[in-house]
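Have a look at the structure below, then the notes.
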Amino acid sequence: MSNVFLKALDSAVAALVGPQNAATPTVVETPQSNPSPSTPYRGARKAGSLDQPGPLSPEAQRELTATLRPALPPDALAGVPWPSPAQQRAFDALLKQRGYTPPKRLAAQLAALDAPWLRLQQAMTEAASSQTSKYHAHLADIAARTAAGDSTVHKEDGWSREDWISDSRERLHAFKAECRKIEAQAWQIAEPALLAKADAADAAADELEAEARPRFEQFAVAYRPAPYVLLLRKYAATLRDGSRRNVGKPSAMIETL
């Protein structure tokens, strides 16, 4: 009798919740967005696509290897001389071998600023010279015109010697201000290229040190950078220190590029 009652109870429950719902719990699925493909690194693009693997280029190997360059002590390069022109040319050849190329049209952009800068320099030289000769020439002109019967001479500006000097000083100040504007414009063009070359020089120095360190470790000798490595670091420091900002002539800011 009890079995008949239990069967009737099971039938009533199945009718209320449904046979499928009673058998399996409801699972709510959360939609997942498709992951976006990762951006390939530059070296991979050169060696082949990610779907078509190929041998890694040196650039790719550098990107896949984290380089933690220890900070040099503040006086590490204090005793290192400035690289000579011959040494700079040798470093430039090394950087070219490693793939560094200066930005195109950079020299032409700066050379275009040389012409107005040089004209202002010439004007400043004239303004800074003694104004005594101009003062006397002015008086002589007034006298000659008076002798010739020019009745308008009295309307001529009767500048004193101090007036000529003051005028020269004001013109000199205006010329210098315009020169600074041109130099600031040139620096905006030159600085990114100088910093990029400095980074390339430091990266080359890192590789030179990586080549030398194993021998020191092999013979249990404390590592010391070779003089040529320190010179290359000095070269990078001079490119990065902003000193070329004060050279004046626009094209001189990137003469080493």
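The values are calculated or read from the model by the stated rules, or taken from the named source; none is laboratory data. Worth saying up front: this structure is predicted, and the values here are computed from it rather than measured. Counting neighbours? That spans all protein chains shown, and the Cβs are built from the backbone with ideal geometry, glycine included. Remember, those area values only see protein heavy atoms, side chains included, never the ligands or the DNA or RNA. Shrake-Rupley method; radii C 1.70, N 1.55, O 1.52, S 1.80 Å.
Here are the numbers for the structure shown:
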item	result
Length added when fully stretched, Asp163-Ala90, from 0.36 nm per residue minus Cα-Cα	20.7 nm
Förster-model FRET efficiency, 45 Å R0, Glu126 and Ala147, C-beta, rounded to 0.05	0.95
Apportionment of accessible area to carbon and sulfur, segment 89-172, percent (1.4 Å)	57
Within the accessible area of segment 180-229 (1.4 Å probe), percent carbon and sulfur	56
Accessible area (Å², 1.4 Å probe, nearest 10) - Lys197	0
Net charge of neighbours whose Cβ lies under 13 Å from the Cβ of Pro227, counting Lys and Arg as +1 and Asp and Glu as -1	+2
Accessible area (Å², 1.4 Å probe, nearest 10) - Trp159	80
Rounded D (µm²/s) - segment 181-257, Kirkwood Rh over Cα pairs, Stokes-Einstein at 25 °C, 0.890 mPa s	175
